[in-house]
Amino acid sequence: VVEVVDLEGAVEGTLATGADQVVGMGLVGFSLVVFTYYTIWVIVLPFVDSSHILHSYFLAREYAVILPAVAGLLLVLLVGTFVAMVMWKNRKPAKKID
């Protein structure tokens, strides 16, 4: 037995609004800027002479490791906190043994 699902009914009402698209494009643009900045900082800058003006637009090299490490730790902390809160809210009471 094969069941045919009408896709028009499933898609209706689930499209992104204009505000959602603007926020999405803003996040994509921000991510692109951060990726480009970090890529130039980590890959291109070591090959540029240290007296070049380009170095004035970037932080010291040690921050290229420290900042992503701190961001990763914060991400793990936030995700762990979220999972712990969801598990705490959805816990079932222990059964009493008579």
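The values are calculated or read from the model by the stated rules, or taken from the named source; none is laboratory data. What you are looking at is a predicted structure, and each value in this text was computed from that prediction instead of being measured. We place every Cβ from the backbone using ideal geometry, glycine too, and count neighbours over all the protein chains shown. Calculation scope for accessible area: heavy atoms of the full protein, side chains included, ligands and nucleic acids excluded. Shrake-Rupley method; radii C 1.70, N 1.55, O 1.52, S 1.80 Å.
Restricting attention to region 49-72, and to residues there that are among the charged types (D, E, K, R) and surrounded by fewer than 10 Cβ atoms within 10 Å (Cβ to Cβ), which single residue is nearest to residue 37 (Cα to Cα)? Lay out the reasoning, then the answer.
Taking region 49-72 first, the residues among the charged types (D, E, K, R) are 49, 61-62.
Now restrict to residues that are surrounded by fewer than 10 Cβ atoms within 10 Å (Cβ to Cβ): 49, 62.
On the way: 49: 18, 62: 15 Å.
Per the stated criteria, the residue is 62.
Quickly run through region 77-98 and pick out the residues that are outside any loop (DSSP other than H, G, I, E, B) and open to solvent by 100 Å² or more (accessible area, probe 1.4 Å).
From region 77-98, those outside any loop (DSSP other than H, G, I, E, B) are 77-89; that's our starting set.
Within region 77-98, 77, 78, 82, 85, 87, 88, 89 qualify.
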